Amino acid sequence: MAIDYAVIGSRLKKARTNKKLTQAQLSEQIDVSIPFLSRVERGTAHINLKRLTQICEILDVDEGDIISGTSNKKETYLNKEFSELLNKCNPDKQKMIYNVVKAIVEG
């Protein structure tokens, strides 16, 4: 899976605006330039994991939400992934998966 920095940047921007922070305020808190933060939000600059974690802590968001759009801290974090996998299966495989899951849940 390739990392889509434009999507990550978009999610970071949304989290920043939800927190009602300007680029200037956030860039000051993480000690980067405003132009660099702007490029990160546009996906034209790459961000390392240390910096991403720092930003996520300030914005009070989960790194999983930013990177993949899902968080393992949410109870429903696997719903989307599970649904996508099932949609890739033919009906016979879906029925088999259903039966296995049903046996596990009811067992």
What value, in deg cm²/dmol to 500, does the helix sum -39500 (n - 2.57) over DSSP H runs of n ≥ 4 give at 222 nm once divided by the residues of the chain? -20500 deg cm²/dmol
What Rg and what Dmax come out for segment 10-57 when only alpha-carbon atoms are used, in angstroms? 9.5, 23
Can you count the Lys pairs in the chain whose Cα atoms are under 19 Å apart, with each pair 8 or more apart or on different chains? 7
What is the projected area of the convex hull of the Cα atoms of segment 9-106, averaged over all directions, in nm²? 8.1 nm²
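Where a number appears in this text, it was derived from the coordinates with a stated rule and is not lab data. Since we're looking at a predicted model, the values are computed, not measured.
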